[in-house]
Protein chains: 2
Amino acid sequence: MSRSIRAFKGHGTENDFILIPDLDDTISLATEFVAAICDRHRGVGADGLIRIAPAETGNAAEWFMDYRNHDGSLAEMCGNGIRVMARYLVDTGLASTGLLLIDTRDGIKELTVPTSGDVSVAMGKVSAVLGDVNVSVQAHEYPAIKIDVGNPHAVVFVESLADAGALLSAPEVSPLSAFPDGVNVEFVKIDGEREVSMRVFERGVGETRSCGTGTCAVALATAERFGLVGPSSWTVHVLGGTITVDLDASGNALMTGPAVIVAELVVDLDLR
Amino acid sequence: MSRSIRAFKGHGTENDFILIPDLDDTISLATEFVAAICDRHRGVGADGLIRIAPAETGNAAEWFMDYRNHDGSLAEMCGNGIRVMARYLVDTGLASTGLLLIDTRDGIKELTVPTSGDVSVAMGKVSAVLGDVNVSVQAHEYPAIKIDVGNPHAVVFVESLADAGALLSAPEVSPLSAFPDGVNVEFVKIDGEREVSMRVFERGVGETRSCGTGTCAVALATAERFGLVGPSSWTVHVLGGTITVDLDASGNALMTGPAVIVAELVVDLDLR
């Protein structure tokens, strides 16, 4: 290996990431390198990559999350990824337990990191959007609730998660004009009081094991459905694990879930 | 990490593996650990795992390939995996370039490993099996050629690899009695003189980026189709790269292809 770098692999509810600590802010990541290392067969494999860089001078946060999608493109924020980054910072002594601020392309995020176990991240405001929307899957049309978590979601309640079928292609959403930038679709089954299970079809990706903003959308949609007002706490089961979403009276979501470091890596930076 | 071990990730035509050097033969691999590290979201991710162990005393080979499937179960041999293991042994100085013997559950295999580049492995005898077999896909029935490479294959010639469709489920093979243990199905397009492209649906797995025995089956089936006798050399393009298959006059196949080490890993042996 000509120019090798140290990296880590971790996941939050099986949404998985390569972490590259770049404490001196000296690593320039080629798009082709990110796509190659995230490739699940010719690389290591991950949903995305996080370069852990120092935040700009004068920033209230000490660290910046430079998030890249699986294909190497830039992204603003990832709710599962930022928890894994926070776990890394605390486990390695780069940050203290308790309150932790991390800067992202979507602004500074506030996390709470205990010595071990689940990590919490404030995800910002979640809001229901007026308008009638329908989702069709398995030749059945369902009414959906439009939710804005910074990105667009359509939440559908089903009797059984199997009602969504194999989900090998995107569910049909109508009217298309309701989501000019596409939409993430969640199928939700009520399990009990403030406890739900969900599957998610992410726009441009397909069905995934977990979606952080999706769990927040589902919590608010379920609260709306039952006409709940005021703070509420939700247990949301995704395919890859369990997330807790706490909504305050203003609709701000606090997401709490696992963040696991699985392996340390040494990778050839010239990988393409 | 409580008990961490050093490992590597590599691939041959995008058939990817975790390699665990166990030079002292002291590592006991729990099935749950293998399944967890091979899991593409909660682990590192790979099609299979190879523990590199010393061969038994008195064996002509110095090293033994302890191959495990993605789910942790034992397997006899893997043609792409053994090339990656050979590349690791030579790159780290544990074996010399040139001829290399590696013991497997399917007996001793003979490889040729240059200083860099593609690795060759003698895959043993490939033979055509008499009997009419048909494969149905995309509502179209094709005649197939039955090939035995130690494991069973049905090879189908198509005008375009797209004729096989999305291959999300196993193509229908008839009569079922021809393959009591299931069958790997290859779709082949003739690209030129002794050059073909293929897609493969592996039994119990689904469509994969590559299948070592499949490339040998396709080379022989194409030779049979054109009535070629005597030695012949085939360029076989799979989704994950290109393999060369050399058939001798007796039907013995020598498979030559890439073997790449991508990353070094340190993994928690208690991963589940």
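The values are calculated or read from the model by the stated rules, or taken from the named source; none is laboratory data. Just so it is clear, the structure is predicted and the values come from calculations on it, not from any experiment. Every residue, glycine as well, gets a Cβ built from its backbone with ideal geometry; the counts of neighbours run over all protein chains shown. To get the accessible areas, we keep the full protein, side chains included, count just its heavy atoms, and leave off ligands, DNA and RNA. Shrake-Rupley method; radii C 1.70, N 1.55, O 1.52, S 1.80 Å.
Does B:ASP71 meet the test of being within 12 Å of another protein chain (Cβ to nearest Cβ) and closer than 30 Å to A:VAL84 by Cα?
In short, no.
Within the range A:246-272, residues that are more than 8 Å from chain B (Cβ to nearest Cβ) and free of Cβ contacts under 8 Å to residues at least 60 places away in the same chain have Cβ atoms under 9 Å from residues that are surrounded by 15 or more Cβ atoms within 10 Å (Cβ to Cβ) and outside any strand (DSSP E or B) in these pairs: A:ASP246/A:ALA219, counting only partners at least 6 apart in sequence or on another chain.
Quick grid of which residues meet (1) closer than 21 Å to B:ILE52 by Cβ; (2) in contact with a helix residue (DSSP H, G or I) (Cβ under 7 Å, 6 or more places away or on another chain); (3) not β-branched (Val, Ile, Thr):
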{"position": "B:VAL84", "(1), (2), (3)": "yes, no, no"}
{"position": "B:ASP91", "(1), (2), (3)": "yes, no, yes"}
{"position": "B:LEU94", "(1), (2), (3)": "yes, no, yes"}
{"position": "B:THR97", "(1), (2), (3)": "yes, yes, no"}
{"position": "B:LEU100", "(1), (2), (3)": "yes, yes, yes"}
{"position": "B:LEU111", "(1), (2), (3)": "yes, yes, yes"}
{"position": "B:ASP118", "(1), (2), (3)": "yes, no, yes"}
{"position": "B:ASP148", "(1), (2), (3)": "no, no, yes"}
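Could you tell me whether A:GLY182 is under 19 Å from A:VAL245 (Cα atoms), assigned by TED's automatic domain parsing to the domain that holds A:ASP246 and part of a loop (DSSP other than H, G, I, E, B)? Please lay out each step first, then the result.
Values: under 19 Å from A:VAL245 (Cα atoms): no; assigned by TED's automatic domain parsing to the domain that holds A:ASP246: yes; part of a loop (DSSP other than H, G, I, E, B): yes.
Spelling it out, it is not the case that A:GLY182 is under 19 Å from A:VAL245 (Cα atoms), assigned by TED's automatic domain parsing to the domain that holds A:ASP246 and part of a loop (DSSP other than H, G, I, E, B).
Among the residues of the range A:8-45, those identified as touching a helix residue (DSSP H, G or I) at 6+ places or on another chain (Cβ under 8 Å) and at negative phi are A:PHE8, A:GLY10, A:HIS11, A:GLY12, A:ASN15, A:PHE17, A:ILE18, A:LEU19, A:PRO21, A:ARG42, A:GLY43, A:VAL44.
Taking the options B:GLY230, B:GLY214, name whichever one is open to solvent by less than 50 Å² (accessible area, probe 1.4 Å) and in a loop (DSSP other than H, G, I, E, B). Selected residue: B:GLY230, the only one of B:GLY230, B:GLY214 that is open to solvent by less than 50 Å² (accessible area, probe 1.4 Å) and in a loop (DSSP other than H, G, I, E, B). When the residues of the range B:223-240 are filtered to those that are without any contact (Cβ under 8 Å) to a residue 60 or more places away in the chain and touching a Lys or Arg at 6+ places or on another chain (Cβ under 7 Å), the one that is nearest to the other protein chains (Cβ to nearest Cβ) is B:THR235. Of the residues making up the range B:129-164, those that are at pLDDT 95 or above and of a type in the set (Gly, Ala, Ser) number 6.
When restricted to residues that are buried (at least 21 other Cβ atoms within 10 Å of the Cβ) and touching a residue at least 60 places away in the same chain (Cβ under 8 Å), the range A:30-49 contains 5. Taking (1) on the phi > 0 side of the Ramachandran plot; (2) part of a helix (DSSP H, G or I) in turn, B:GLY72 satisfies each apart from (2). Filtering the range A:157-169 to residues that are closer than 25 Å to A:GLY227 by Cα and either within 14 Å of chain B (Cβ to nearest Cβ) or open to solvent by 40 Å² or more (accessible area, probe 1.4 Å) (or both) leaves A:GLU159, A:SER160, A:ASP163.
Across the range A:201-211, the number of residues qualifying as assigned to a strand (DSSP E or B) and of a type outside the set (Ser, Thr, Tyr) comes to 4.
Can we say A:THR222 is in a strand (DSSP E or B) and either more than 16 Å from the chain's Cα centre (by Cα) or surrounded by 15 or more Cβ atoms within 10 Å (Cβ to Cβ) (or both)?
Details: in a strand (DSSP E or B): no; either more than 16 Å from the chain's Cα centre (by Cα) or surrounded by 15 or more Cβ atoms within 10 Å (Cβ to Cβ) (or both): yes.
Judged against the criteria, A:THR222 is not a match.
Among the residues of the range B:233-272, those that are more than 16 Å from the chain's Cα centre (by Cα) and not in a strand (DSSP E or B) comprise B:ASP248, B:ALA249, B:SER250, B:GLY251, B:LEU269, B:ASP270, B:LEU271, B:ARG272. Within the range A:10-33, being over 26 Å from B:LEU239 (Cβ atoms), within 14 Å of chain B (Cβ to nearest Cβ) and β-branched (Val, Ile, Thr) holds for A:THR13, A:ILE20.
Of all residues in the range B:67-86, which are over 18 Å from B:CYS216 (Cβ atoms) and open to solvent by less than 10 Å² (accessible area, probe 1.4 Å)? Talk me through it step by step, then tell me what you get.
Quick first cut of the range B:67-86, residues over 18 Å from B:CYS216 (Cβ atoms) only: B:68-74, B:85.
Those that are over 18 Å from B:CYS216 (Cβ atoms) and open to solvent by less than 10 Å² (accessible area, probe 1.4 Å): B:GLY72, B:MET85.
Taking the listed residues B:GLU202, B:GLU186, B:GLU193, B:GLU172, the one that is under 20 Å from B:VAL137 (Cα atoms) and open to solvent by 50 Å² or more (accessible area, probe 1.4 Å) is B:GLU172, with no other qualifying. Just one of the listed residues (B:ALA7, B:ALA46, B:ALA36, B:ALA60) is at the interface with chain A (Cβ under 10 Å from one of its Cβ atoms) and assigned to a loop (DSSP other than H, G, I, E, B), namely B:ALA46.
Kindly evaluate A:LEU220 against the criterion of being more than 18 Å from A:VAL185 (Cα to Cα) and either of a type outside the set (Gly, Ala, Ser) or within 14 Å of chain B (Cβ to nearest Cβ) (or both).
Details: more than 18 Å from A:VAL185 (Cα to Cα): no; either of a type outside the set (Gly, Ala, Ser) or within 14 Å of chain B (Cβ to nearest Cβ) (or both): yes.
No.
Restricting attention to the range B:10-24, does a residue exist that is charged (D, E, K, R), under 21 Å from A:ASP47 (Cα atoms), open to solvent by 20 Å² or more (accessible area, probe 1.4 Å) and in contact (Cβ under 8 Å) with a residue 12 or more places away in the chain? Among the residues of the range B:10-24, at least one is charged (D, E, K, R), under 21 Å from A:ASP47 (Cα atoms), open to solvent by 20 Å² or more (accessible area, probe 1.4 Å) and in contact (Cβ under 8 Å) with a residue 12 or more places away in the chain, which makes the answer yes.
Report whether or not B:ILE52 is touching an Asp or Glu at 6+ places or on another chain (Cβ under 7 Å), away from chain A (no Cβ under 14 Å) and open to solvent by less than 10 Å² (accessible area, probe 1.4 Å). Show your work before the answer.
Details: touching an Asp or Glu at 6+ places or on another chain (Cβ under 7 Å): yes; away from chain A (no Cβ under 14 Å): yes; open to solvent by less than 10 Å² (accessible area, probe 1.4 Å): yes.
Spelling it out, B:ILE52 is indeed touching an Asp or Glu at 6+ places or on another chain (Cβ under 7 Å), away from chain A (no Cβ under 14 Å) and open to solvent by less than 10 Å² (accessible area, probe 1.4 Å).
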